[in-house]
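J.: Got a structure for you, written out below as structure tokens; questions coming shortly.
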Amino acid sequence: MSVIVVGLEQKHAPLELLDRVSVTEVDTPKALGRLRDQPNLSEAVLLSTCLRTEVYAVVERFHDGVAEIQAFLAEVSGSSVEALSEYCTIRFDDDVTDHLFAVASGLDSAVLGESEVLGQVRRAWERAQGEQSSGPVLGSLFRHAVETGKRVRSETAIARGITSLSHGAVALAADRRPGGLSGSRVAVVGAGEMGEGVAQALDGFRVEHLVMANRTAERVETLVAGLPASAADTVETRDLDDLVTLLGEVDVAFTTVGSAHPIVSRADLEAALARRTGRPDLVVVDLGVPRNVEPEAGSLDGLLLLDMDDLRAAVADALTGRQDEVEAANGIVADEVERYRSASRARDAAPMVSALRSRVEQARQVELDRQRSKRSDLDDGQWEQVDAVTRAMVAKLLHQPTVVLKDAAGTPRGERLVEALRALFDL
């Protein structure tokens, strides 16, 4: 049995491919069901965020398990396994722990220390639990990863400043629009996690008017109710029926909708720009993965279209000071990784230790009972002394084997010791 992670991430894969392999929240249950049905995957968690899609799994046979996950990702992306393998990363056993703990801590994000990824890791695990694709192994791994992410954020300053892609996107729009966002009309299209983050990040930029557009009015109303009073007073809510009109009215738009296909076409933007005669360029920040706006629209006059690639490049300069906290955060991750591995070794060794102790205790009791039938000259008090002495002898004899077995658990040496104990004691 091995624990593996197979997937694509922003450091190794182009945005266009990350778009196609991304799994929306709506499609996640079905995707987890497909993973759960694979013959070599006994557990699976799917982590699909704006800049990574990864499958964490417990596999019976390593190579077969990797092949099944790659086939799944290829199907999702509409690519062949061969085309996907160039960008696919594969990690197993200890490397999986190192990687997931770093991801949950914000150390492997486009925005170093971002606040959103920890919640994404937790929800990926919770969804897998709900779909019964996660079991005790991945449950323990993800639980400890979330604890590690919380500790990094509480004990270091890695999350100061631009702490999320949402904050980075607002800062990018303010930087690229002449005069910034003060006095502007802004639209946030989509009221999910990213849309909510953008709306909150806009507080303090003194926008003149904020329009929140979403498929369902109830979600927008809930989001607006949670905004600071200074922001909520300027908010107008709409549905998504007429994006052309909306884009023609505003100065800046953030698109954050979870959709498998673009919701804004080049033709939509051409029509919207025709309504803006004599006004400054429309700034559209596309935060959708897959993309919400057809990339071909970027060539239109009067439009500045920014996407996740632009955001990744822009936030790099803002993160220089935060590098000072990386060493401290890495130290915490290393400490938690070792703590997790020690606990895992102890859990792996526990059944064999228990079986060994039970076998020896059974032999002790059998011999005591046999001697009692022969030694009628000993009274109850004396038998209690014999019982205590033999119990202490057994504990001392088993102490060293127990320590060695726990220390070696999860290693090739540990496997050899387990096999030797099974043979020697018929366990």
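J.: Among the residues of the stretch 141-195, write down those that are open to solvent by less than 60 Å² (accessible area, probe 1.4 Å) and either among the acidic types (Asp, Glu) or in contact with a Cys (Cβ under 9 Å, 6 or more places away or on another chain) (or both).
T.: Result: Leu165, Met194.
J.: Sort through Ala225, Ala260, Ala271 and tell me the only one that's hydrophobic (A, V, I, L, M, F, W, C), closer than 22 Å to Val26 by Cα and either more than 31 Å from the chain's Cα centre (by Cα) or surrounded by fewer than 17 Cβ atoms within 10 Å (Cβ to Cβ) (or both). Reasoning before the result, please.
T.: On the way: Ala225 fails: closer than 22 Å to Val26 by Cα; Ala271 fails: closer than 22 Å to Val26 by Cα.
Going through Ala225, Ala260, Ala271 in turn, the sole match is Ala260.
J.: Looking at (1) touching a Phe, Trp or Tyr at 6+ places or on another chain (Cβ under 9 Å); (2) crowded, with 19+ Cβ neighbours inside 10 Å; (3) not in a loop (DSSP other than H, G, I, E, B), can you tell me which one Val58 breaks?
T.: All conditions are met except number (1).
J.: Taking the conditions exactly as written (under 14 Å from Ala355 (Cα atoms) and surrounded by 14 or more Cβ atoms within 10 Å (Cβ to Cβ)), does Leu424 satisfy them or not? Walk me through how you get there before you give the answer.
T.: Working: under 14 Å from Ala355 (Cα atoms): yes; surrounded by 14 or more Cβ atoms within 10 Å (Cβ to Cβ): no.
In short, no.
J.: Among the residues of the stretch 210-236, write down those that are at pLDDT 85 or above, out of contact with any Gly (no Cβ under 9 Å at 6 or more places or on another chain) and either among the polar types (S, T, N, Q) or over 20 Å from Gly168 (Cα atoms) (or both).
T.: Listed by number, the list holds a single entry, Glu236.
J.: Quick one: is Ala71 part of a helix (DSSP H, G or I), open to solvent by 20 Å² or more (accessible area, probe 1.4 Å), free of Cβ contacts under 8 Å to residues at least 40 places away in the same chain and within 18 Å of Met1 (Cβ to Cβ)?
T.: no
J.: Now a separate question. If I go through the stretch 174-208 residue by residue, how many of them are touching a helix residue (DSSP H, G or I) at 6+ places or on another chain (Cβ under 9 Å) and not in a loop (DSSP other than H, G, I, E, B)?
T.: 16
J.: Another question about this same structure. Of the numbered conditions (1) without any contact (Cβ under 8 Å) to a residue 60 or more places away in the chain; (2) under 25 Å from Val250 (Cα atoms); (3) open to solvent by 10 Å² or more (accessible area, probe 1.4 Å), Glu126 fails exactly one; give the number of that condition.
T.: (2)
J.: Moving on to the next point. Within the stretch 27-50, can one find any residue that is of a type in the set (S, T, N, Q), under 14 Å from the mean Cα position of the chain (by Cα) and in a strand (DSSP E or B)? Outline the logic, then answer.
T.: Step one: of the stretch 27-50, the residues of a type in the set (S, T, N, Q) are 28, 38, 40, 42, 48-49.
Filter again for under 14 Å from the mean Cα position of the chain (by Cα), leaving 28, 48-49.
Among the residues that remain, those that are also in a strand (DSSP E or B) are: 48-49.
Looking through the stretch 27-50, at least one residue is of a type in the set (S, T, N, Q), under 14 Å from the mean Cα position of the chain (by Cα) and in a strand (DSSP E or B).
J.: What tally of residues in the stretch 274-301 results from selecting those that are more than 20 Å from Pro14 (Cβ to Cβ) and either open to solvent by 30 Å² or more (accessible area, probe 1.4 Å) or under 30 Å from the mean Cα position of the chain (by Cα) (or both)? Break it down stepwise before answering.
T.: Pass one, the stretch 274-301, residues more than 20 Å from Pro14 (Cβ to Cβ): 274-284, 300-301.
Add one more test, that the residue is either open to solvent by 30 Å² or more (accessible area, probe 1.4 Å) or under 30 Å from the mean Cα position of the chain (by Cα) (or both), and what stays is 274-275, 277-281, 284, 301.
The total comes to 9.
The values are calculated or read from the model by the stated rules, or taken from the named source; none is laboratory data. Bear in mind the structure is a predicted one, so any value in this text is a computation, not a measurement. Reconstructed Cβ throughout: ideal geometry from the backbone, glycine too, with neighbour counts over all protein chains shown. For the accessible areas, the whole protein counts, side chains as well, though only heavy atoms, and no ligand, DNA or RNA atoms are used. Shrake-Rupley method; radii C 1.70, N 1.55, O 1.52, S 1.80 Å.
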